[in-house]
Amino acid sequence: MAEPYITLVSSLPYLPPFERAERSPITRLRLEQRLHNLEPDDAKQLAIAEALVSWRMSLAKPKTDKDMVLRYRAAVQEISQPALREFIEFRIDQQTIMAGLRQSKTVFESAFLEQVSGASRWAGFIASHWDIPDFKLAAVYPWIPEARNYLENNDACGLDRLMMNIIWRRLGKIAESNRFGFEAVFAFVFKWDLLQAWLARDAVQAKSRFQELINEVKNDH
Amino acid sequence: MEPLILALGWLGLYAPLALGAVGSMIGCARAGSAACGALLEVEGGYGRYIGVAAMPSSQTIYGIVVTMALRRELTLENSPGIFGLGILVGVAMLYGAIALGDACASSINVSKSKLEVFGISLAPAALVEGFSVFAFVFALVLAAAIPK
C-alpha cells in the first residue's frame with residue numbers, strides 16, 4: 001500500500017510556520033501516542049533519525065565532530081527508508097558546511113578533514129577549497145553567504161532562523177512527495193521538533209509557559 | 001470461438017458493477033481512514049467527515065445502473081459491444097472511485113484544521129465525480145445502441 005498512514009497523518013494537527021507559531025499544537029506525549037500507529041520498523045528508523053539529526057538533539061550532540069561522524073556512520077546503516085536517508089544526508093551536509101564555516105578561520109583544512117571525513121560527501125570538497133569563503137559551494141547551497149554573514153556578526157538567532165527555514169522548506173517538500181505516507185509522518189515529527197526548539201527560544205514565552213506550568217502544578221495539588 | 005465471445009459478453013456485463021464496487025471499497029477505505037484520524041483531532045461535526053468518506057460509494061451505484069442497462073440476452077452480435085462498453089466503463093468507475101477516495105481524504109485532512117475550507121476543499125472531489133458521471137451517462141447512451 002503506497003499510503004499506509006492515512007489515519008495517522010489525518011490525526012496530526014496543522015503545524016503553523018514556526019516563526020508565526022504562538023504555541024505547539026500537540027504535546028510530545030500526544031504525538032507519541034499517535035506515532036504508536038507506525039509500523040515497528042518505521043518507528044525504529046524514525047527514532048534513530050531523531051537521535052541523529054533532530055534540531056534539539058543536535059544541541060546535545062557529541063562533543064566533537066569526529067564523534068558525531070562516528071555516530072552518524074553507525075546509525076545510517078540502520079536507515080532503509082530512502083526519503084529519510086536522504087533527509088539525514090541533507091542534514092549532515094548542512095552540519096558539515098556549518099562546521100567548515102565555523103572553523104575555516106581557526107583550524108587547518110587537514111584538521112577539519114580529519115574530523116568530518118566519512119560523513120558528508122562535501123567534506124573533501126570543502127577541504128580542497130578551504131580558503132575560499134563559500135568553499136565554492138554557493139551555487140549548490142545559496143544560503144552559505146548569508147550563514148557566513150550571521151556567523152561573522154555573531155547573530156546566533158538569525159543563523160538559527162535561516163537554518164530552520166531551510167530545513168522547514170525541505171521537510172515541506174518531503175511531506176508533499178507522499179502526503180499520507182511515512183514521508184509525511186517523519187516530516188511532521190521533524191517540523192514539530194523545529195517548532196518546539198523555536199518556541200523554547202522565546203524568553204518571554206518561556207517565562208509565561210513556566211508560570212502556566214507552575215499554576216498547573218499548584219492547581220493539581 | 002463462440003463460447004469465448006459469449007464469455008466476454010458476460011464479463012462486460014458484470015464489469016461495471018464489479019469494478020465499480022472494488023473502486024468504492026478502496027476509495028471509501030482511504031477516505032474513511034482519513035476521517036477516523038480526523039475524529040481524533042476535532043471536537044465535533046463528526047458526521048461531516050464520515051459523510052465525505054462515503055462519497056466514493058457512488059461509483060458502485062453507477063455500476064449497478066450500467067449493468068442493468070446492458071442486461072439482455074447475450075448473442076454473438078451483442079457480446080463484443082457489451083464487453084467493450086462494460087470493461088471500459090468499469091475501469092473508469094474503478095479508477096474514479098479510488099481517485100475520489102484520495103480527494104476526499106485530502107479534503108478531510110485539510111478541513112479538520114481549517115473548517116472554513118471544508119466546502120472548497122471538496123471541489124477536486126466534485127470534479128472527479130463529474131468525470132465519473134460523464135462515463136456513466138455516455139455508457140447509458142451507448143448501451144441503447146447495442147443490439148438486443
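Of everything listed in (1) outside any loop (DSSP other than H, G, I, E, B); (2) under 30 Å from B:W10 (Cα atoms); (3) aliphatic (A, V, I, L, M); (4) touching a residue at least 40 places away in the same chain (Cβ under 8 Å), the single unmet condition for B:A105 is (2). Among the residues that make up the range B:41-55, is at least one of them out of contact with any Ser or Thr (no Cβ under 9 Å at 6 or more places or on another chain), surrounded by fewer than 24 Cβ atoms within 10 Å (Cβ to Cβ), more than 14 Å from chain A (Cβ to nearest Cβ) and on the phi > 0 side of the Ramachandran plot? Yes, because at least one residue in the range B:41-55 is out of contact with any Ser or Thr (no Cβ under 9 Å at 6 or more places or on another chain), surrounded by fewer than 24 Cβ atoms within 10 Å (Cβ to Cβ), more than 14 Å from chain A (Cβ to nearest Cβ) and on the phi > 0 side of the Ramachandran plot. Restricting attention to the range A:23-40, the residues that are touching a residue at least 12 places away in the same chain (Cβ under 8 Å) and more than 18 Å from the chain's Cα centre (by Cα) add up to 8. For B:M1, the criteria (1) over 25 Å from B:A144 (Cβ atoms); (2) under 14 Å from the mean Cα position of the chain (by Cα) hold in every case but one, which is (2). Residues considered: B:A69, B:A139. Of these, the only one that is open to solvent by less than 30 Å² (accessible area, probe 1.4 Å), of a type outside the set (K, R) and either out of contact with any Gly (no Cβ under 6 Å at 6 or more places or on another chain) or not in a helix (DSSP H, G or I) (or both) is B:A139. Against the definition (at pLDDT 90 or above, within 14 Å of chain B (Cβ to nearest Cβ) and open to solvent by 40 Å² or more (accessible area, probe 1.4 Å)), how does A:E146 come out, yes or no? So A:E146 does not fit the description; no. Looking for something open to solvent by less than 50 Å² (accessible area, probe 1.4 Å) and under 13 Å from A:G100 (Cα atoms) - is there at least one such residue anywhere in the range A:152-163? Looking for residues that are open to solvent by less than 50 Å² (accessible area, probe 1.4 Å) and under 13 Å from A:G100 (Cα atoms), one finds none in the range A:152-163, hence no. The set of residues in the range B:87-124 that are within 12 Å of another protein chain (Cβ to nearest Cβ), open to solvent by less than 20 Å² (accessible area, probe 1.4 Å) and among the β-branched types (V, I, T) contains only B:I108.
The values are calculated or read from the model by the stated rules, or taken from the named source; none is laboratory data. Only a predicted model underlies this, so the values are computations on that prediction, with no experimental measurement involved. Methodologically, a virtual Cβ is constructed for each residue, glycine included, from the backbone with ideal geometry; neighbour enumeration extends over all protein chains shown. With ligands, DNA and RNA removed, areas are computed over all heavy atoms of the protein, side chains included. Shrake-Rupley method; radii C 1.70, N 1.55, O 1.52, S 1.80 Å.
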